[in-house]
Amino acid sequence: MSKETIQHCEQCGAEIHGEDFTEFDRKVLCPSCLERYTRLCEHCGERIWDNEDVGDSTITLCRACYDNHYTTCERCGCIVHEDYSNYISDYPYCDGCYDKEKGQPIHDYSYKPAPIFYGNGKRFFGVELEIDDGGKDDDNADILLDIANSGDGRIYIKCDGSLDDGMEIVTHPMTLDYHKNEMPWEDVMHEAISLGYKSHKSGTCGLHVHVNRETFGNTREAQDDAISRVLYFVEHHWNELLKFSRRTEKQMNQWAARYGYKNSPKEILDHAKNDGNSRYTCVNITNWNTVEFRMFRGTLKYNTLIATLELVNRICNLAVHCDDVRLAKISWSDFVMSLNESDCSELITYLKERRLYVNAPVEREEDE
């Protein structure tokens with residue numbers, strides 16, 4: 001029988017029998033000292049010495065993670081992830097302090113609160129709807145917030161430099177079902193029109209749809225595979241989607257430029273990743289947590305908004321469930337004829353109005 005190994009903890013000097021020790025930072029530590037003098041960074045998972053923790057009472061952080069991903073609220077001193085920090089004159093604030101500092105219903109463009117997820121499911125859609133020509137008016141914003149939120153923080157409103165005299169309505173992430181059955185879009189849009197706002201007719205407004213990356217796969221590699229098929233579908237059906245978007249080629253080139261035709265999803269994704277990482281593309285993939293569909297013109301027509309969400313949802317379904325070979329064989333006719341009236345009724349109506357549904361044109365109402 002081999003003799004039991006005995007070591008000494010280099011922190012407290014206690015005897016350590018067998019393998020009941022941990023080597024950290026070139027030191028042998030007993031379990032007690034490991035727990036007392038070290039901790040794990042909650043962002044990257046790396047172990048650090050207790051005195052190297054630059055977090056606060058709510059989070060443990062190593063210096064590299066703090067420098068690269070976090071900041072400190074100017075008002076209360078709490079640690080805030082950069083994705084959820086808000087800035088006033090280059091000073092960062094947490095959500096609560098930002099609201100106290102601003103005290104106004106229309107937030108700065110940089111405002112980005114921690115997301116609240118509405119609905120049950122794995123796929124969530126965040127909508128950014130720009131409205132213009134009715135004023136960047138606090139009273140108007142309060143009216144729209146009261147209609148949409150009803151005690152819940154379902155939307156918030158921001159200013160946007162691309163608008164002449166308007167604002168941007170932003171939803172927290174919601175499932176498609178929640179957008180259709182719980183979010184009072186029709187009431188919000190009707191009120192916005194009555195307040196003098198336009199979206200489609202203004203010529204300045206966009207409708208952007210964010211989809212959570214997790215819906216495309218459990219790993220970054222799986223997500224990239226599915227996202228490459230999203231880009232492929234958009235590029236290979238560009239003419240139809242341009243007509244669907246209600247934008248002109250000039251507007252697309254300015255706000256939602258295409259990546260360009262390639263022979264395979266992987267080629268398009270590789271090109272997109274090497275294309276200067278601009279967010280002003282038809283499908284913006286520069287965000288860490290979401291994929292943003294930017295190609296659509298703004299609207300204050302309920303059918304157009306829901307049809308857009310149903311379209312994005314169907315494109316995501318194809319990207320997740322089809323392989324590259326099968327996707328390449330799907331024509332626009334195949335795509336529209338596969339739509340189900342039970343879950344794509346607004347999309348089918350919209351496609352018929354825009355002469356994008358096979359042999360079934362109908363009369364349409366104008367977008368606002």
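Every number in this text was worked out from the coordinates using simple rules, so none of it is lab data. Keep in mind that what you see is a predicted model, and the values were worked out from it rather than measured. Don't worry about glycine lacking a Cβ; one is built from the backbone with ideal geometry, like all the others, and counts go over all protein chains shown.
If you add up the charges near residue 132, with Lys and Arg at +1 and Asp and Glu at -1, over every other residue whose beta carbon is less than 10 angstrom from its beta carbon, what do you get?
So the surrounding residues net to -3.
On average, how much area does the Cα convex hull of segment 1-46 cover when viewed from any direction, in nm²?
With every direction weighted equally, the projected area is 3.8 nm².
Hey, can you grab everything whose amide H is under 5 Å from the amide H of residue 256? Only 5+ residues off in sequence or another chain; H modelled, so Pro and N-termini drop out.
For residue 256, whose amide H was placed from the backbone, there are no distant partners under 5 Å.
Taking N as the number of residues in the chain, what value does Rg over Cα atoms divided by 2.2 N^0.38 Å take?
1.22
Evaluate the charge dipole of the chain about its Cα centre and quote only its size in Debye, nearest 20, assuming +1 on the Cβ of each Lys and Arg and -1 on the Cβ of each Asp and Glu.
Computed charge dipole of the chain: roughly 1380 debye.
Counting every Cα pair in segment 30-80, what percent are over 17 Å apart?
Value for segment 30-80: 35 percent of Cα pairs lie more than 17 Å apart.
Can you tell me the convex hull volume per residue for segment 86-223, based on C-alpha atoms, in Å³ to the nearest whole number?
133 Å³
Based on a Kirkwood Rh over C-alpha pairs, give the Stokes-Einstein translational diffusion coefficient of segment 168-293 at 37 °C and viscosity 0.692 mPa s in µm²/s.
The diffusion coefficient I find is 202 µm²/s.
Tell me, what is a quarter of the convex hull surface for the C-alpha atoms of segment 252-368, in nm² with one decimal?
Result: a mean projected hull area of 8.4 nm².
For segment 238-308, what is the convex hull (Cα atoms) projected area averaged across all directions, in square nanometres?
Answer in nm², one decimal: 5.4.
Please list log₁₀ I(q)/I(0) at q = 0.12 Å⁻¹ for segment 204-257, using the Debye equation with identical point scatterers on the alpha-carbon positions.
Taken in order of the listed q values, log10 I(q)/I(0) reads -0.36.
Excluding residue 164 itself, calculate the net charge of residues whose Cβ lies under 12 Å from the Cβ of residue 164, where each Lys or Arg counts +1 and each Asp or Glu counts -1.
In short, -3.
Which of the GluC sites (Glu not before Pro) found in segment 1-92 are loop residues per DSSP with 11 or fewer other Cβ atoms within 10 Å of their Cβ?
4, 19, 46
Could you pull out the longest piece of the chain with no exposed loop trypsin sites (Lys or Arg not before Pro) in it, calling a site exposed if DSSP puts it outside H, G, I, E, B and it has at most 10 other Cβ atoms within 10 Å?
123-328
For residue 298, what residues show an amide H to amide H distance below 5 Å, using hydrogens built from the backbone and excluding near sequence neighbours?
The list, which skips near neighbours in sequence, is 205, 206, 207.
In whole angstrom, and with the biggest value first, how far do the Cα coordinates of segment 288-355 range along each principal axis?
Principal extents (largest minus smallest coordinate, Cα): 37, 34, 20 Å.
222 nm [θ] for the chain, helices only, -39500 (n - 2.57) per DSSP H run of 4+, per residue, to 500?
-10500 deg cm²/dmol
Between the helical axis of 185-194 and the dominant principal axis of the chain, each derived from Cα atoms, what acute angle in degrees is found, rounded to the nearest 10?
That helix lies at roughly 60 degrees to the long axis.
What Kirkwood Rh does segment 17-106 have if only Cα atoms enter the pairwise 1/r average? Answer in Å.
15.1 Å
Which listed residue (268, 233, 245) has the Cα farthest towards the positive end of the charge dipole for segment 232-274, taking +1 on Lys and Arg C-beta and -1 on Asp and Glu C-beta about the Cα centre?
With unit charges placed on the Cβ atoms, the residue in question is 245.
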